[in-house]
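The values are calculated or read from the model by the stated rules, or taken from the named source; none is laboratory data. Predicted model only: the values in this text are computed from it and were never measured. Methodologically, a virtual Cβ is constructed for each residue, glycine included, from the backbone with ideal geometry; neighbour enumeration extends over all protein chains shown. To get the accessible areas, we keep the full protein, side chains included, count just its heavy atoms, and leave off ligands, DNA and RNA. Shrake-Rupley method; radii C 1.70, N 1.55, O 1.52, S 1.80 Å.
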Amino acid sequence: MSNNVDITTVQTSLDMAKVDISKLSPEQLPQSIYDSIVTSARRYSNKVAIKYILDGDCIGPEQIPFSKKLVHQLVKVTKGKTFAAPYREITYNELSHSVTQVANALKQLGIERGDVTSIILPNFPEMYSSLWGAETAGIANPINPLLDAKIIKEIASTAQSKVLIALGPVPGSDIWEKVLKIKDEIPSLQAVISLFGGDIPKSDANKVPVYGFEKLIRSQNGSKLFTDTPNQQDICSYFHTGGTTGLPKLAKHLHLNELTNASQMNLISPITENDTSLIGLPIFHVNAAITGLASVIKGSTILLAGPSGFRGKNIVKNLLTILNNFDVAFMTAVPTVYAGLLDLIAKGEVQAVKPRSMKFALCGAAPLSPDLQKKFTQQTSISLVEGYGSTEGTAVSTVMPVQSIATEPAVGITIPGMKVCIGDINADGELLRLCDTDEAGEILISGNNVFPGYVDESHNKTLWVTTELGEKFVRTGDLGKQNEHGYLSLCGRQKELIIRGGHNIDPKMIEDVAAAHPDVFLAAAVPRPDRYAGEIPVLYVTVNVNSQTSKDNLMAYMQENVPERAAIPKVIHVIDEMPLTAVGKLFKPELVCREIDDVITSLLVPHFTNYTVITNVVPDKKLGILANIHVDIGRDNNDEIANVHNEIKQLLTEYAFNYQVNINDNVLKASA
């Protein structure tokens, strides 16, 4: 076995098997995430663990705009706040000190091993210290700050959070406004900690007290931990997953899961303790959370790309300059970031020069089209590889070698210390058999990085399958196949399949063809309800700036190039922007909702010309997607209401989507 192999040298699963995985055994790993941080602090002490820039105008340590320094000083002097700091450095000693203080503060507020702290913070350095401090004291529950207040409340309530750490009243952010709206409505919540905010004592008008982060943390001991140190088998976090309906499930992670996956990444990465990694994805997402942990375990440096990450001002525009000036060796992002940079290069706004220290870039969290990967590598001279993973596998399960020998689009080979295989799963969620080489089926994963299940037990009913040899695997819900060299290719996701007349259509097949068109920027294929076929494929695209292509041209291109006739989209929509999640993934549920909305509107509005018909199609926790149909007939006539209701039933009877009819505020039907 050898540790002299990494993703820049391996080409097959046999090459990957040469990696010495003894370092991944639980006995060789730290006992907890806190243990790993303290160990690195002892080893690297005053070395910089985290560098932070406010936005893309801060292009280098010595190139921070004077205006930003001035604003920071004014805010600091007049308000005593540091949220406008344009550049910060945190050493390993300071990081360990801060994590210890957060853990002790949470202990003081009543957090025990099984208690949950929800965290709603942008990518300030305090996000990492809050995440790891909460994992040390109990269980951390990072939440997407961009979610609607009702969804945040639902997540925190489901997690039974006792403490909430959130961004306080900072200009340009609505996080605090959301927190004030919901904090007294979360049954389990006992305290809120406000970053850059002040104390708000408990009162009749303020049921849950608020503590200023800085004041509370400063009062804590940073050298000694006053809570029991967790162990590898303790739950450390609840990460919410988007799901195909857009409504989150909470995935449990053990300390062992996160430590293993971070160490797996380190084992196959060419990044050393002398390197810097850029993190611009939100830390509430497992990609950035585990990448950060891997950096701390390795002893390297994190460069945080501002509170808003890649969404921040001029981050993507100045990305190559930032990578160069901060000597960044590695970055991870989603396809939209790399596509956005290429678009700026094409428009002449950015000069394509390879940053001096870059070793490679990783694309994760969403599928990368082969065309985008090729263009990015050609134009920037940066090796761009794709990874595949899930919250259920902590973060990463496969990584594409830099020197790939794959003959078709793939997402890499299995990382050391885990198993990825393909299974033939029946309609009841049972494993019939393991699939052969190049045979498509559901992707199954196992290993110490694979989570123990969801918080809601109802989500675990068909989660695991067991092989004839007694090996237990988690079902990912993704469809794929593996070739003879171990390369995993995605074939779509079970719940995203378009079923046309009983024929399964993989939307990825349509999207890959569309993405290869020179004028297409992003592509998403979704099902449109159809009374005859059940579903038909439609395609949404955004096109490059100054593109002159037309829908007719795009349709002719798709008809010529889509390999399966049934998969040719019936309609192509050219839109200005794709709906995206906070981490840059295509948010397909919104597009599916649009299609259902359009079908209903096209049927009901022409039929009920004398009434007002309004539809609102939204993700629903129980039904997946629910169409709310509101009809105002202008008067309360029971016979007329009944007739309208029956006519709607007749018009929609051949469609399978769930709907609810509301006539004059009377709910008459809850599902199809």
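Quick test of your reading of the structure: LEU147 fulfils all but one of (1) at pLDDT 95 or above; (2) part of a loop (DSSP other than H, G, I, E, B); (3) of a type outside the set (Gly, Ala, Ser); (4) surrounded by fewer than 22 Cβ atoms within 10 Å (Cβ to Cβ). Name the failing condition by number.
If we test LEU147 against (1) at pLDDT 95 or above; (2) part of a loop (DSSP other than H, G, I, E, B); (3) of a type outside the set (Gly, Ala, Ser); (4) surrounded by fewer than 22 Cβ atoms within 10 Å (Cβ to Cβ), just (1) comes out false.
Do you know which of the residues in region 579-616 that are open to solvent by less than 20 Å² (accessible area, probe 1.4 Å) and without any contact (Cβ under 8 Å) to a residue 40 or more places away in the chain is farthest from the chain's Cα centre (by Cα)? Please lay out each step first, then the result.
Step one: list which residues in region 579-616 are open to solvent by less than 20 Å² (accessible area, probe 1.4 Å), which gives 579, 582-584, 589, 591, 593, 595-596, 599-600, 604, 608.
Retained after the next criterion (residues that are without any contact (Cβ under 8 Å) to a residue 40 or more places away in the chain): 579, 593, 608.
Working: PRO579: 14, CYS593: 21, PHE608: 42 Å.
Here the residue is PHE608.
For region 71-112, enumerate the residues that are open to solvent by less than 60 Å² (accessible area, probe 1.4 Å) and assigned to a loop (DSSP other than H, G, I, E, B).
Passing the criteria: GLY80, LYS81, THR82, PHE83, ALA84, ALA85, PRO86, LEU109, GLY110, ILE111.
Out of all the residues in region 182-198, is one or more free of Cβ contacts under 8 Å to residues at least 24 places away in the same chain and open to solvent by 10 Å² or more (accessible area, probe 1.4 Å)?
Within region 182-198, the subset free of Cβ contacts under 8 Å to residues at least 24 places away in the same chain is none.
For region 182-198, residues free of Cβ contacts under 8 Å to residues at least 24 places away in the same chain and open to solvent by 10 Å² or more (accessible area, probe 1.4 Å): absent.
Which numbered condition in (1) in contact with a Pro (Cβ under 6 Å, 6 or more places away or on another chain); (2) within 30 Å of ILE7 (Cα to Cα) is the only one that GLU496 fails?
(2)
Okay, residues lined up against (1) open to solvent by 20 Å² or more (accessible area, probe 1.4 Å); (2) farther than 16 Å from ARG594 by Cβ; (3) touching a His at 6+ places or on another chain (Cβ under 9 Å):
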{"site": "GLU496", "(1), (2), (3)": "yes, no, no"}
{"site": "ARG500", "(1), (2), (3)": "yes, yes, no"}
{"site": "PRO507", "(1), (2), (3)": "no, no, no"}
{"site": "ASP519", "(1), (2), (3)": "yes, yes, no"}
{"site": "PRO527", "(1), (2), (3)": "yes, no, no"}
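Considering ILE445, ILE405, which residue is open to solvent by less than 10 Å² (accessible area, probe 1.4 Å) and among the aliphatic types (A, V, I, L, M)?
Values: ILE405 fails: open to solvent by less than 10 Å² (accessible area, probe 1.4 Å).
Result of the check over ILE445, ILE405: ILE445.
Give the residues of region 565-578 that are farther than 18 Å from LEU522 by Cβ and loosely packed, with under 12 Cβ neighbours inside 10 Å, sorted by residue number. Quick ask: steps written out before the conclusion?
First, pick out the residues of region 565-578 that are farther than 18 Å from LEU522 by Cβ: 565-568, 570.
Of everything in region 565-578, just one residue is farther than 18 Å from LEU522 by Cβ and loosely packed, with under 12 Cβ neighbours inside 10 Å, namely ARG565.
Tell me which strands (runs of 3 or more DSSP E) are completely within region 361-444 and hold 1 or more residues being out of contact with any Lys or Arg (no Cβ under 8 Å at 6 or more places or on another chain) and among the acidic types (Asp, Glu), or say none if there are none. Can you show your working first?
Details: elements: 384-388, 418-425, 431-434.
Correct list: 384-388.
Of all the residues that make up region 128-143, how many are out of contact with any Gly (no Cβ under 9 Å at 6 or more places or on another chain) and under 29 Å from PRO619 (Cα atoms)?
Number satisfying all stated conditions: 3.
Condition first: part of a strand (DSSP E or B) and open to solvent by less than 10 Å² (accessible area, probe 1.4 Å). Now tell me which residues in region 455-488 satisfy that.
Here is the first cut: in region 455-488, the residues part of a strand (DSSP E or B) are 464-466, 472-482, 488.
Matches in region 455-488: VAL465, PHE473, VAL474, GLY480, LEU488.
Kindly indicate whether GLU430 is surrounded by fewer than 24 Cβ atoms within 10 Å (Cβ to Cβ) and within 15 Å of GLY480 (Cβ to Cβ).
Numbers: surrounded by fewer than 24 Cβ atoms within 10 Å (Cβ to Cβ): yes; within 15 Å of GLY480 (Cβ to Cβ): no.
Spelling it out, it is not the case that GLU430 is surrounded by fewer than 24 Cβ atoms within 10 Å (Cβ to Cβ) and within 15 Å of GLY480 (Cβ to Cβ).
Restricting to region 39-70, count the residues that are surrounded by 18 or more Cβ atoms within 10 Å (Cβ to Cβ) and farther than 22 Å from SER308 by Cα.
Of the residues in that region, 3 qualify.
Output the residues belonging to region 159-174 that are on the phi < 0 side of the Ramachandran plot and open to solvent by 10 Å² or more (accessible area, probe 1.4 Å). Can you show your working first?
Taking region 159-174 and keeping what is on the phi < 0 side of the Ramachandran plot, we get 159, 161-171, 173-174.
Residues satisfying the conditions are LYS162, PRO169, VAL170, PRO171, SER173, ASP174.
I need a count of the residues in region 260-272 that are more than 22 Å from ILE315 (Cβ to Cβ) and in contact with a strand residue (DSSP E or B) (Cβ under 9 Å, 6 or more places away or on another chain).
The total comes to 9.
Filter region 355-410 down to residues that are within 21 Å of ALA339 (Cα to Cα), modelled with pLDDT under 90, out of contact with any strand residue (DSSP E or B) (no Cβ under 8 Å at 6 or more places or on another chain) and not small (Gly, Ala, Ser), then give me how many there are.
Final tally of qualifying residues: 5.
Assess whether LYS224 counts as being touching a residue at least 24 places away in the same chain (Cβ under 8 Å), open to solvent by less than 30 Å² (accessible area, probe 1.4 Å) and among the basic types (Lys, Arg). Lay out the reasoning, then the answer.
Working: touching a residue at least 24 places away in the same chain (Cβ under 8 Å): yes; open to solvent by less than 30 Å² (accessible area, probe 1.4 Å): no; among the basic types (Lys, Arg): yes.
No, not satisfied.
Residue by residue through region 547-591, note down the ones that are at pLDDT 85 or above, part of a loop (DSSP other than H, G, I, E, B) and not aliphatic (A, V, I, L, M). Before the answer, list the steps.
First, the residues of region 547-591 that are at pLDDT 85 or above: 547-562, 567-580, 587-591.
This time we only want the ones that are part of a loop (DSSP other than H, G, I, E, B), so: 547-550, 562, 568-570, 575-579, 587.
Within region 547-591, SER547, GLN548, THR549, SER550, PRO569, LYS570, ASP576, GLU577, PRO579, PHE587 qualify.
Report, by residue number, each residue of region 274-315 that is on the phi > 0 side of the Ramachandran plot and either open to solvent by 20 Å² or more (accessible area, probe 1.4 Å) or touching a strand residue (DSSP E or B) at 6+ places or on another chain (Cβ under 7 Å) (or both).
Result: GLY306, ASN314.
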